1. Can you list residue pairs whose Cβ atoms sit under 6 Å apart, with the first residue in the stretch 85-107 being at pLDDT below 75 and the second being of a type in the set (A, V, I, L, M)? Count only pairs 6 or more apart in sequence or on different chains.
2. Just name the residue that is surrounded by the most Cβ atoms within 10 Å (Cβ to Cβ) out of those in the stretch 277-301 that are β-branched (Val, Ile, Thr) and either in contact with a Phe, Trp or Tyr (Cβ under 9 Å, 6 or more places away or on another chain) or under 19 Å from Gly240 (Cα atoms) (or both).
3. Given the options Ala383, Ala401, name the one that is buried (at least 21 other Cβ atoms within 10 Å of the Cβ), modelled with pLDDT under 80 and assigned by TED's automatic domain parsing to the domain that holds Val237.
4. Considering every residue within the stretch 294-302, establish whether at least one is touching a residue at least 60 places away in the same chain (Cβ under 8 Å) and of a type in the set (Gly, Ala, Ser).
5. What pairs come out if I take residues in the stretch 63-84 that are under 19 Å from Val404 (Cα atoms) and pair them with residues that are in a loop (DSSP other than H, G, I, E, B) and not polar (S, T, N, Q) whose C-beta lies under 6 Å away, six or more apart or interchain?
6. Report, ordered by the first and then the second residue, all pairs with beta carbons closer than 7 Å, sequence separation of six or more or different chains, a first member in the stretch 155-182 that is under 22 Å from Phe144 (Cα atoms), and a second member that is small (Gly, Ala, Ser) and at pLDDT below 80.
7. Among the residues of the stretch 242-263, which ones are more than 22 Å from the chain's Cα centre (by Cα) and small (Gly, Ala, Ser)?
8. Residues that are closer than 30 Å to Val327 by Cα, touching a strand residue (DSSP E or B) at 6+ places or on another chain (Cβ under 9 Å) and at pLDDT below 50: does the stretch 34-46 have at least one?
Amino acid sequence: MKLLTCILIAYVTFSGNVAGKSTKQPTNNSVLPNRSDAVHRLINGIEKFSLSFLLRTAIDSGEKSMVVSPYSAWSMLTLMCKGAEDNTLHQLSQVLRHPGKNQKLFKEALDFVEGTFQEDSSSVNIKSQNFIINNADAEISPEFENNIPSRGNTRIITTSFDDPNAYKTINNAVFTATRGKVDDMLVASDFVNAKVILASAMSFKTKWAHPFNIAFTRKAPFYDHKRRELGKVDMMVHRGDFKFANVSEFQAHALELPLGKDNRLCMIALVPHEGIALKDLYIKFTLVPIDNIFEKLEEAYKRNHESKSEVHFPRFNITRNFNLHSVLSNMGIQDIFDPTYAKIPKISSRSDVWVSSMIHKAHIEVAEGTDSDIIYEYNSKQAFPKFVTDRPFLYMVIEKATNVIVLGGVYGGP
């Protein structure tokens, strides 16, 4: 039986600010395109998969800082569906929450989501690239290649896996796609007994809609849920019209930070109430739709819209990589990793292949902005309502027109 090594490497660099969105209507004044029932079901499915995927990777990490890209995982696994059959396809479709078996409707829905994502990507300078890396003797089948979305960003690379420098070629391509933020992605051993390697790279770097001024950043204590100091962090400070609210369903406070100029993307931070451990938030997290968070934020903002607020938010830089085999297996994707049961014959002209591993790597950078972007002066004697993010929290960067979680994770402190 031939071996298919699937290595999913999602890279995301984020340097900026955020705001949020509901699957009903966006909180800004933009108008969404007309969406079919299939599109609604696909969007809801992506949300459910993303929340579950984020939860399980967060649990695996404990309360340590981590980052993953749920959308990268979803889109790459969706691509695998186009090469799968029988129970392998069924498991993928069930876990990914694909909307029914009508392939025409599914393709239309997928085109909408990917098109919207690409539009938003260009507006906030997101760079993403998928790679199908195949051995010279394992040609990608024309049928599978034709099923790759024409406006997508998937690139096929054919190379000899016997070449000891093959991994360097791929690493150079990933390095370029991520603007030099990710290097040494693959190693020579990844190509041993392999026929196909999948890699997904994403670079996300932008400015906050309301940048923090680096001149106001100070060292500040960061605590655990029992108010025990974990160390010092670089705490950024900004004053403006921020949305934050208590979300009783989570026993947490939610903060929305606007990203970019078009209000199309946002970061949501969920900070547990004092005395509540982050792990206690996780299970409730998957039971409450993202819409509910945005509704709470909007309601609180309408009550307090005349008041400026002061946000304290840590500057951080996280890179994490995961072998997703156990996470996806626990979610229900199992056959694709089993040489006895895997059925993915449409990917290559060679049949009888299986996925040996799936590795995911992501990077996020949260920083201030530039001094020239700041239009206010900081006066510590003025009193403002404050949102101080000084204990472990969950964060998500969300595309507002589709509720796609571009990336998310945990910040656990210094």
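1. Going by the 6 Å Cβ cut-off, the qualifying pairs are Leu105/Ala38.
2. Ile293
3. Testing whether each residue is buried (at least 21 other Cβ atoms within 10 Å of the Cβ), modelled with pLDDT under 80 and assigned by TED's automatic domain parsing to the domain that holds Val237 leaves just Ala401.
4. no
5. Cβ pairs passing all conditions: Ser69/Ala10; Ser69/Val12; Ser72/Ala10; Met76/Leu8.
6. What qualifies is Phe161/Ala194; Ile170/Ala199.
7. Result: Ala245, Ser248.
8. For the stretch 34-46, residues closer than 30 Å to Val327 by Cα, touching a strand residue (DSSP E or B) at 6+ places or on another chain (Cβ under 9 Å) and at pLDDT below 50: absent.
The values are calculated or read from the model by the stated rules, or taken from the named source; none is laboratory data. Quick caveat: nothing in here was measured; it's all calculated off a predicted structure. All Cβ positions, glycine included, derive from the backbone under ideal geometry; neighbour counts span all protein chains shown.
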